[in-house]
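First the structure, in the form of C-alpha coordinates, and then the observations on it.
The values are calculated or read from the model by the stated rules, or taken from the named source; none is laboratory data. Just so we're clear, the structure is a prediction, and the values are computed from it rather than from any experiment. Methodologically, a virtual Cβ is constructed for each residue, glycine included, from the backbone with ideal geometry; neighbour enumeration extends over all protein chains shown. For accessibility, only protein heavy atoms count, side chains too; no ligands or nucleic acids. Shrake-Rupley method; radii C 1.70, N 1.55, O 1.52, S 1.80 Å.
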Amino acid sequence: MIDERLKIMVKQQLKQRGIVDERVLSAMSKVERHLFVNKSDIDVAYDDRPLVIGCGQTISQPLMVAIMTETLALEGNEKILEIGTGSGYQTAILAELGKEVYTIERISSLQNDAKNVLKKLNYNNIFFKVCDGTIGWDEKAPFNRIIVTAAAPEIPLRLFNQLTIGGMMAVPVGSRYSQELKLVIKTENGEMKVENRSRCIFVPLIGEEGWSK
Ligand code: SAM
(Lines give C-alpha, C1' and ligand atoms only; values in the text may rest on other atoms or scores of the structure.)
Protein backbone atom coordinates (compact mmCIF):
# COMPACT_ATOMS: atom_id res chain seq x y z
CA MET A 1 0.00 0.00 0.00
CA ILE A 2 2.74 2.47 1.01
CA ASP A 3 4.75 1.26 -1.98
CA GLU A 4 1.91 2.17 -4.28
CA ARG A 5 1.55 5.65 -2.75
CA LEU A 6 5.30 6.23 -3.07
CA LYS A 7 5.23 5.21 -6.75
CA ILE A 8 2.30 7.53 -7.44
CA MET A 9 4.06 10.39 -5.61
CA VAL A 10 7.18 9.99 -7.77
CA LYS A 11 5.20 9.71 -11.01
CA GLN A 12 2.59 12.41 -10.51
CA GLN A 13 4.33 14.92 -8.26
CA LEU A 14 7.89 14.64 -9.57
CA LYS A 15 8.19 13.12 -13.09
CA GLN A 16 5.07 14.79 -14.46
CA ARG A 17 6.23 18.13 -13.05
CA GLY A 18 9.62 18.12 -14.71
CA ILE A 19 12.09 16.28 -12.44
CA VAL A 20 14.36 14.44 -14.88
CA ASP A 21 17.49 13.44 -12.93
CA GLU A 22 17.19 9.64 -12.79
CA ARG A 23 19.36 9.40 -9.67
CA VAL A 24 17.08 11.85 -7.83
CA LEU A 25 13.97 9.97 -8.96
CA SER A 26 15.50 6.68 -7.87
CA ALA A 27 16.49 8.00 -4.40
CA MET A 28 13.03 9.47 -3.91
CA SER A 29 11.49 6.14 -4.94
CA LYS A 30 13.54 4.41 -2.27
CA VAL A 31 13.25 6.66 0.81
CA GLU A 32 9.87 6.21 2.50
CA ARG A 33 8.51 9.61 3.51
CA HIS A 34 6.04 8.16 6.01
CA LEU A 35 8.95 7.20 8.29
CA PHE A 36 9.81 10.89 8.75
CA VAL A 37 6.39 12.40 9.55
CA ASN A 38 4.43 12.55 12.81
CA LYS A 39 2.51 9.34 13.56
CA SER A 40 -0.77 11.24 13.18
CA ASP A 41 0.21 12.18 9.60
CA ILE A 42 1.16 8.75 8.26
CA ASP A 43 -2.00 8.63 6.13
CA VAL A 44 -1.10 11.90 4.42
CA ALA A 45 2.66 11.31 4.24
CA TYR A 46 2.65 11.06 0.43
CA ASP A 47 0.46 14.13 -0.14
CA ASP A 48 1.71 16.95 -2.32
CA ARG A 49 2.49 19.37 0.52
CA PRO A 50 4.75 20.17 3.44
CA LEU A 51 3.68 18.75 6.82
CA VAL A 52 4.19 20.02 10.34
CA ILE A 53 6.83 18.03 12.26
CA GLY A 54 6.77 19.84 15.61
CA CYS A 55 8.50 22.89 17.13
CA GLY A 56 6.78 25.01 14.43
CA GLN A 57 8.87 23.34 11.68
CA THR A 58 7.96 21.38 8.56
CA ILE A 59 9.04 18.50 6.35
CA SER A 60 9.20 20.07 2.88
CA GLN A 61 6.87 19.23 -0.02
CA PRO A 62 8.31 16.26 -2.00
CA LEU A 63 8.56 18.37 -5.18
CA MET A 64 10.64 21.01 -3.37
CA VAL A 65 12.97 18.31 -1.99
CA ALA A 66 13.38 16.98 -5.54
CA ILE A 67 13.96 20.44 -7.06
CA MET A 68 16.60 21.34 -4.47
CA THR A 69 18.32 17.99 -4.81
CA GLU A 70 18.31 18.17 -8.62
CA THR A 71 19.74 21.69 -8.41
CA LEU A 72 22.79 20.29 -6.60
CA ALA A 73 23.65 17.97 -9.56
CA LEU A 74 25.05 15.24 -7.32
CA GLU A 75 27.18 12.55 -8.94
CA GLY A 76 28.04 10.37 -5.93
CA ASN A 77 31.34 11.63 -4.59
CA GLU A 78 30.33 14.85 -2.90
CA LYS A 79 30.83 15.99 0.67
CA ILE A 80 27.59 17.81 1.46
CA LEU A 81 26.66 20.27 4.21
CA GLU A 82 22.94 20.50 5.01
CA ILE A 83 21.56 23.35 7.13
CA GLY A 84 18.20 22.41 8.68
CA THR A 85 17.97 18.66 9.38
CA GLY A 86 14.28 18.95 10.27
CA SER A 87 12.71 15.49 9.95
CA GLY A 88 15.81 14.03 8.27
CA TYR A 89 13.95 13.19 5.04
CA GLN A 90 16.05 15.46 2.80
CA THR A 91 19.14 14.23 4.69
CA ALA A 92 18.34 10.63 3.68
CA ILE A 93 17.91 11.61 0.02
CA LEU A 94 21.30 13.38 0.11
CA ALA A 95 22.94 10.38 1.82
CA GLU A 96 21.67 8.19 -1.03
CA LEU A 97 23.19 10.47 -3.66
CA GLY A 98 26.44 11.87 -2.22
CA LYS A 99 29.42 10.49 -0.31
CA GLU A 100 29.01 12.15 3.11
CA VAL A 101 26.35 14.41 4.59
CA TYR A 102 27.11 16.82 7.43
CA THR A 103 23.78 18.04 8.77
CA ILE A 104 23.15 20.89 11.22
CA GLU A 105 19.91 21.66 13.08
CA ARG A 106 19.33 24.38 15.69
CA ILE A 107 16.54 22.48 17.53
CA SER A 108 18.07 19.49 19.32
CA SER A 109 14.83 17.50 19.81
CA LEU A 110 14.19 17.57 16.06
CA GLN A 111 17.69 16.41 15.29
CA ASN A 112 17.47 13.62 17.88
CA ASP A 113 14.29 12.29 16.29
CA ALA A 114 15.80 12.52 12.81
CA LYS A 115 19.00 10.80 13.98
CA ASN A 116 17.00 7.89 15.43
CA VAL A 117 15.15 7.30 12.17
CA LEU A 118 18.29 7.62 10.04
CA LYS A 119 20.27 5.25 12.30
CA LYS A 120 17.48 2.66 12.09
CA LEU A 121 17.72 2.92 8.31
CA ASN A 122 21.45 2.15 8.60
CA TYR A 123 22.85 5.32 7.06
CA ASN A 124 26.47 5.49 8.17
CA ASN A 125 27.56 8.44 6.02
CA ILE A 126 25.63 11.12 7.96
CA PHE A 127 27.22 13.33 10.64
CA PHE A 128 25.10 15.42 13.01
CA LYS A 129 25.57 18.72 14.83
CA VAL A 130 23.24 20.99 16.82
CA CYS A 131 24.08 24.70 16.48
CA ASP A 132 23.37 27.78 14.40
CA GLY A 133 23.98 26.45 10.89
CA THR A 134 24.47 29.91 9.39
CA ILE A 135 28.04 29.78 10.68
CA GLY A 136 28.59 26.43 8.94
CA TRP A 137 30.91 23.63 10.08
CA ASP A 138 34.41 25.09 9.79
CA GLU A 139 36.32 22.02 11.06
CA LYS A 140 34.81 19.86 8.32
CA ALA A 141 34.99 22.42 5.48
CA PRO A 142 35.35 22.68 2.54
CA PHE A 143 32.18 21.14 1.11
CA ASN A 144 31.41 20.33 -2.52
CA ARG A 145 27.75 21.11 -1.96
CA ILE A 146 25.73 23.07 0.60
CA ILE A 147 21.96 22.97 0.91
CA VAL A 148 20.03 25.37 3.12
CA THR A 149 16.50 24.14 3.80
CA ALA A 150 15.23 27.32 5.48
CA ALA A 151 14.72 30.84 4.13
CA ALA A 152 17.67 33.24 4.35
CA PRO A 153 17.38 37.05 4.09
CA GLU A 154 20.57 37.09 1.98
CA ILE A 155 23.06 34.55 0.64
CA PRO A 156 24.96 33.40 3.79
CA LEU A 157 28.58 34.41 3.14
CA ARG A 158 30.12 32.22 5.80
CA LEU A 159 28.57 29.22 4.10
CA PHE A 160 29.78 30.40 0.68
CA ASN A 161 33.31 30.60 2.14
CA GLN A 162 33.05 26.91 3.13
CA LEU A 163 32.48 25.77 -0.48
CA THR A 164 35.24 24.18 -2.58
CA ILE A 165 36.19 25.86 -5.86
CA GLY A 166 33.51 24.68 -8.27
CA GLY A 167 31.23 23.98 -5.31
CA MET A 168 27.52 24.79 -5.32
CA MET A 169 24.96 25.92 -2.75
CA ALA A 170 21.16 25.75 -3.03
CA VAL A 171 19.51 28.33 -0.78
CA PRO A 172 16.08 30.01 -0.65
CA VAL A 173 16.60 33.78 -0.35
CA GLY A 174 13.99 36.48 0.13
CA SER A 175 11.53 37.75 2.72
CA ARG A 176 10.29 35.70 5.68
CA TYR A 177 7.20 34.73 3.67
CA SER A 178 8.32 34.19 0.07
CA GLN A 179 11.67 33.40 -1.52
CA GLU A 180 13.56 32.52 -4.69
CA LEU A 181 15.57 29.30 -4.72
CA LYS A 182 19.09 30.34 -5.72
CA LEU A 183 21.92 28.22 -7.02
CA VAL A 184 25.18 29.80 -5.86
CA ILE A 185 28.35 28.61 -7.59
CA LYS A 186 31.94 29.25 -6.49
CA THR A 187 33.79 29.83 -9.78
CA GLU A 188 37.38 28.85 -10.69
CA ASN A 189 38.67 32.18 -9.36
CA GLY A 190 36.64 31.96 -6.17
CA GLU A 191 33.96 34.41 -7.24
CA MET A 192 30.23 34.02 -6.68
CA LYS A 193 27.88 33.26 -9.58
CA VAL A 194 24.16 33.19 -8.78
CA GLU A 195 21.28 31.67 -10.77
CA ASN A 196 17.61 31.97 -9.86
CA ARG A 197 15.74 28.67 -10.01
CA SER A 198 12.13 28.83 -8.70
CA ARG A 199 9.81 30.60 -6.31
CA CYS A 200 9.44 28.86 -2.94
CA ILE A 201 8.20 29.26 0.62
CA PHE A 202 10.32 28.01 3.53
CA VAL A 203 10.33 28.53 7.29
CA PRO A 204 12.90 31.16 8.32
CA LEU A 205 16.58 30.46 8.82
CA ILE A 206 17.19 31.74 12.35
CA GLY A 207 20.71 32.76 13.31
CA GLU A 208 23.68 35.08 12.91
CA GLU A 209 23.39 35.22 9.10
CA GLY A 210 19.66 34.55 9.12
CA TRP A 211 16.65 36.12 10.78
CA SER A 212 16.45 36.96 14.46
CA LYS A 213 13.85 34.91 16.40
N1 SAM B 1 14.82 19.36 5.08
C2 SAM B 1 13.93 19.14 6.19
C3 SAM B 1 13.14 17.89 6.02
O4 SAM B 1 13.30 17.18 5.01
O5 SAM B 1 12.35 17.59 6.93
C6 SAM B 1 13.02 20.29 6.38
C7 SAM B 1 13.68 21.41 7.01
S8 SAM B 1 12.60 22.63 7.67
C9 SAM B 1 11.83 23.28 6.26
C10 SAM B 1 13.82 23.83 8.10
C11 SAM B 1 14.67 23.47 9.29
O12 SAM B 1 15.71 24.43 9.42
C13 SAM B 1 13.91 23.48 10.60
O14 SAM B 1 14.03 22.23 11.22
C15 SAM B 1 14.59 24.58 11.41
O16 SAM B 1 14.64 24.34 12.79
C17 SAM B 1 15.97 24.58 10.79
N18 SAM B 1 16.74 25.81 10.99
C19 SAM B 1 16.34 27.09 10.94
N20 SAM B 1 17.36 27.93 11.17
C21 SAM B 1 18.46 27.15 11.38
C22 SAM B 1 19.83 27.40 11.65
N23 SAM B 1 20.34 28.64 11.76
N24 SAM B 1 20.67 26.35 11.79
C25 SAM B 1 20.21 25.08 11.67
N26 SAM B 1 18.92 24.77 11.41
C27 SAM B 1 18.06 25.79 11.25
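Here the Kirkwood formula, the inverse mean of 1/r across different C-alpha pairs, assigns segment 152-213 a hydrodynamic radius of 12.0 Å. Working note: Karplus 6.51/-1.76/1.60 with θ = phi - 60° gives segment 110-125 the couplings 5, 5, 4, 4, 4, 4, 4, 5, 5, 5, 4, 7, 6, 6, 10, 10 Hz, where Gly and Pro are set to x. A Förster radius of 22 Å, combined with the Cβ-Cβ distance separating Arg158 from Asn124, puts the computed FRET efficiency at roughly 0.20. Applying 0.36 nm per residue to the separation of Glu139 and Asp41 and subtracting their alpha-carbon distance, the gain on full extension is 31.5 nm. Here Ile8 and Ser108 are evaluated by their C-beta separation; at R0 = 45 Å the FRET efficiency comes out at 0.80. Our note on the geometry: Cα centres of segment 127-164 and segment 72-112, 11 Å apart. Extension gain for the segment Ala73 to Ser29, taken as residue separation times 0.36 nm less the Cα-Cα distance, is 14.1 nm to one decimal. Put Ser178, Ser87, Ser26 in order of accessible area, highest first, and with a 1.4 Å probe you get Ser26, Ser178, Ser87.
D by Stokes-Einstein for the chain, Kirkwood Rh over Cα pairs, 4 °C, 1.567 mPa s: 76 µm²/s. Around the amide H of Phe143, modelled in the peptide plane, lie the amide H atoms of Leu163, Thr164, all under 5 Å away and 5 or more residues distant in sequence or on another chain. Here is the P(r) of segment 1-109: all C-alpha pair distances, binned every 5 Å from 0, give 2, 13, 24, 25, 20, 12, 4, 0 in whole percents.
Report, in whole Å, the centroid distance computed from the Cα atoms of segment 21-56 and segment 186-212. So the separation of the two Cα centres works out to 24 Å. For the chain, the longest principal axis of the Cα atoms and the long axis of helix 62-71 meet at an angle of about 40 degrees. For segment 46-55, the Karplus equation 6.51 cos²θ - 1.76 cosθ + 1.60, evaluated at θ = phi - 60°, returns couplings of 9, 5, 7, 6, x, 10, 6, 10, x, 6 Hz by residue, with Gly and Pro reported as x. Under a 5 Å amide H cut-off, with hydrogens placed 1.01 Å from N, Gly167 pairs with Lys186 among residues at least 5 apart or on other chains. Each peptide in 107-113, 146-152 receives the mean, over its residues, of other Cβ atoms within 10 Å, and ordering these scores from highest gives 146-152, 107-113.
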